[in-house]
Amino acid sequence: MHSLTIFDSCNRMPQQVFDEFFSLMEISFPATERRDRNGFLWEYENTEFRSMCSISEHLDAVMNYWDMGDLIYIEHFAVAPELRGRGKGAAMMKEMLSRESGKTLVLEAELPSEGEVAQRRIGFYERLGFKMNEYSYIQPPLIMGEPPVPLVIMSCPEALSRESFDHVRETLYRKVYNINSK
């Protein structure tokens, strides 16, 4: 049996869940695409940041996202390795899409040229209704001293116009990455 729990600035993640959460982040994302412990703790101070967690005996899956009104940015999405390929990720994303119907959802994905795993990930998101946007995007460093990462922005329910893409990029840079991109 599992339950979905939302953790945020008002409903803090218990230390044991946070430890499992951070461990899942470490095995699911390269250092250049995730925050360190202090970075994640900083996020939980922001009233727009949330973690949707699927918990049974342990943390099964997590989706970190920023709820910015009509824009939802999915920052990290990971399923415990032993549960991957069993539909848990798709079910969790469908839950998010249902909860946030009527809003634009965006996420960053690796470039398709990064290889088979990146292409499979993009295909997963496309099967759930996300569209790959054609505009160039660079993820600013999440940890000081790390390099920026070229990624692609995917959006749902539709691809973004150039103007909408620029607005999304500027919003992410300002709110999520805490930089002024101009």
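Below, the figures for the structure above:
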| quantity | calculated |
| --- | --- |
| Residue check for Arg120: closer than 26 Å to Ile27 by Cα, in a loop (DSSP other than H, G, I, E, B) and among the charged types (D, E, K, R) | no |
| In the stretch 108-128, residue surrounded by the most Cβ atoms within 10 Å (Cβ to Cβ) [restricted to those that are under 21 Å from His167 (Cβ atoms) and out of contact with any helix residue (DSSP H, G or I) (no Cβ under 7 Å at 6 or more places or on another chain)] | Tyr125 |
| Only listed residue being part of a loop (DSSP other than H, G, I, E, B), among the charged types (D, E, K, R) and within 19 Å of Met92 (Cα to Cα), chosen from Glu57, Glu45, Glu20 | Glu57 |
| Residues that are loosely packed, with under 15 Cβ neighbours inside 10 Å and small (Gly, Ala, Ser), drawn from the stretch 1-39 | Ser3, Ser9, Ser23, Ala31, Gly39 |
| Among residues of the stretch 47-58, those that are without any contact (Cβ under 8 Å) to a residue 60 or more places away in the chain and either crowded, with 20+ Cβ neighbours inside 10 Å or in contact with a Phe, Trp or Tyr (Cβ under 8 Å, 6 or more places away or on another chain) (or both), counted | 6 |
| Any chance Gly85 is more than 17 Å from Pro30 (Cβ to Cβ) and over 14 Å from the mean Cα position of the chain (by Cα) | yes |
| Members of the stretch 80-102 found to be more than 19 Å from Glu126 (Cβ to Cβ) and part of a loop (DSSP other than H, G, I, E, B), listed by number | Ala80, Arg86, Gly102 |
| Criterion (over 15 Å from Phe29 (Cα atoms) and among the acidic types (Asp, Glu)) met by exactly one of Glu95, Glu146, Glu108 | Glu95 |
| In the stretch 51-92, the residues that are over 23 Å from Pro141 (Cβ atoms) and out of contact with any strand residue (DSSP E or B) (no Cβ under 7 Å at 6 or more places or on another chain) | Ser56, Glu57, His58, Gly69, Pro81, Glu82, Arg84, Gly85, Arg86, Gly87, Ala90, Ala91 |
| Flag if Leu151 is within 22 Å of Trp42 (Cα to Cα), surrounded by 15 or more Cβ atoms within 10 Å (Cβ to Cβ), at pLDDT 95 or above and not hydroxyl-bearing (Ser, Thr, Tyr) | no |
| Residue check for Glu75: under 27 Å from Arg169 (Cα atoms), of a type in the set (Asp, Glu), at pLDDT 95 or above and crowded, with 16+ Cβ neighbours inside 10 Å | yes |
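The values are calculated or read from the model by the stated rules, or taken from the named source; none is laboratory data. Just so it is clear, the model here is predicted, and its values are computed rather than measured. Positions of Cβ are backbone-derived with ideal geometry, glycine not excepted, and every protein chain shown enters the neighbour counts.
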